[in-house]
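All remarks here apply to the structure that follows.
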Amino acid sequence: MLFSEIYGSYFNVVAAILTEASDGPLTPQRLTAIVQEKAFGESTLSIPAALKSGEWPLLDGELRSVLRHPPTMPLTLLQKRWLKALLSDPRIALFTPDTTGLEDVEPLYRPDTFVRFDQYHDGDPYGDADYIARFQTIREALHTKRRLLVRFHSKNGALHTLPCTPYRLEYSSKDDKFRLLAVRQRRLYTLNLARICSCELLEPYDPADFTLPQVQRKRLTLLLHNERNGLERVLLHFSHFEKETRKLEPHLYQITLWYDPTDEPEVLIRVLSFGPVLEVQEPEAFRQALQTRIRTQLTMLDHPE
């Protein structure tokens, strides 16, 4: 398995466990604590159990490392090629990552290798110099805790000026667009970066004085039938949502997540992509929306234009 976000976390947390266990036996409580500190919250359901049961034969009966030396994790050539492929993505280039050591590495694949059928084709202009400059200005404002003066076009083309406090950047994989969440006078604004004409850094602000307006989020409860690594795939797919995961049976999990109402179309598409692995428990309105979308797709298949 080439590393992905979730498997990278697994390997790193197990390396941390083995490093500490090489100095002496661990207690079950300390084992769980390391997982909570260094991995995803849901990993406490799987990693400690796999190590203690011997499914991952890396600790002995006293929870002491079976290795003679603490583990090291140098990158393989395959991992370097995978990283080089990721760094070829123009969206990642916006964050100016350090590519030291990868200069002579051939990428594992090219950005045009994959064709996304469930994504709009009018994404942001990631190669545009002005777009990149605005993106970097917003990043600097977020990192240095400074306010922004933003000028942007609304949907009807009108030009607006907004002095604001930036809250965070979000990315929609369905729309292939970045958007800025910013606050002004207790109101939360969501601005598509492609609509922003210019942005200027203003004075610093005290984070202690910043209050995020309360946005009424929606709650979605799912039943996950853990088939074909369903748990790992679902948790990775919904990694940026606040969520809770409960194990009901050996292969049955309940996942509750919260999302912004504006993200509902994207959440619906993501749930639908897992087929029978995911079952919507509540709310009923989301179940009905899911059924309506399925019926619409069936109609389109039966009566193609």
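The values are calculated or read from the model by the stated rules, or taken from the named source; none is laboratory data. Treat the numbers as computed from the prediction; the structure is a model and nothing was measured. Please note: Cβ atoms are built from the backbone with ideal geometry, for glycine as well, and neighbour counts cover all protein chains shown.
Of all residues in segment 158-191, count the ones that are among the small types (Gly, Ala, Ser) and within 24 Å of residue 127 (Cβ to Cβ).
Number satisfying all stated conditions: 2.
Quick check on residue 231: is it surrounded by 16 or more Cβ atoms within 10 Å (Cβ to Cβ) and farther than 26 Å from residue 184 by Cβ?
yes
I'd like to know if segment 216-228 contains one or more residues that are part of a helix (DSSP H, G or I), out of contact with any Cys (no Cβ under 6 Å at 6 or more places or on another chain) and surrounded by 12 or more Cβ atoms within 10 Å (Cβ to Cβ).
No, segment 216-228 contains no residue that is part of a helix (DSSP H, G or I), out of contact with any Cys (no Cβ under 6 Å at 6 or more places or on another chain) and surrounded by 12 or more Cβ atoms within 10 Å (Cβ to Cβ).
Can you tell me which residue among 297, 288, 281 is out of contact with any Leu (no Cβ under 7 Å at 6 or more places or on another chain), farther than 30 Å from residue 189 by Cα and of a type in the set (S, T, N, Q)?
297
Any idea which of 296, 262, 292 is closer than 30 Å to residue 163 by Cα, of a type in the set (Ser, Thr, Tyr), outside the structural domain of residue 151 (by TED's automatic domain parsing) and part of a helix (DSSP H, G or I)?
262
Has segment 60-71 got any residue that is at pLDDT below 90, closer than 28 Å to residue 244 by Cα and of a type in the set (Lys, Arg)?
Taking every residue of segment 60-71 in turn, none turns out to be at pLDDT below 90, closer than 28 Å to residue 244 by Cα and of a type in the set (Lys, Arg).
Give the number of residues within segment 176-209 that are surrounded by fewer than 12 Cβ atoms within 10 Å (Cβ to Cβ) and out of contact with any helix residue (DSSP H, G or I) (no Cβ under 8 Å at 6 or more places or on another chain).
Residues flagged as surrounded by fewer than 12 Cβ atoms within 10 Å (Cβ to Cβ) and out of contact with any helix residue (DSSP H, G or I) (no Cβ under 8 Å at 6 or more places or on another chain) within segment 176-209 amount to 8.
Can you say whether residue 212 is assigned to a loop (DSSP other than H, G, I, E, B), among the hydrophobic types (A, V, I, L, M, F, W, C) and modelled with pLDDT under 95, as far as the supplied structure shows?
yes
Among the numbered conditions (1) within 22 Å of residue 138 (Cα to Cα); (2) in a strand (DSSP E or B), tell me where residue 280 comes up short.
(1)
Only helices (runs of 4 or more DSSP H) wholly contained in segment 43-126 count here; list those with 2 or more residues that are surrounded by 13 or more Cβ atoms within 10 Å (Cβ to Cβ) and touching a residue at least 60 places away in the same chain (Cβ under 8 Å).
Output list reads 77-87.
Report whether or not residue 139 is modelled with pLDDT of 90 or more and surrounded by fewer than 17 Cβ atoms within 10 Å (Cβ to Cβ).
yes
Go through segment 9-23 and give me each residue that's out of contact with any strand residue (DSSP E or B) (no Cβ under 7 Å at 6 or more places or on another chain) and free of Cβ contacts under 8 Å to residues at least 60 places away in the same chain.
Correct list: 9, 10, 13, 14, 15, 16, 17, 19, 20, 23.
Restricting segment 215-269 to residues that are hydroxyl-bearing (Ser, Thr, Tyr) and at pLDDT 85 or above, which is nearest to the chain's Cα centre (by Cα)?
Here the residue is 259.
Looking at 128, 104, 89, 98 in this structure, which one is closer than 18 Å to residue 173 by Cα and acidic (Asp, Glu)?
Unique residue meeting the criteria: 89.
I'd like the full set of residues that are of a type in the set (A, V, I, L, M, F, W, C), loosely packed, with under 15 Cβ neighbours inside 10 Å and under 23 Å from residue 178 (Cα atoms), limited to segment 237-268.
Once the filter is applied, which keeps residues that are of a type in the set (A, V, I, L, M, F, W, C), loosely packed, with under 15 Cβ neighbours inside 10 Å and under 23 Å from residue 178 (Cα atoms), segment 237-268 yields only 258.
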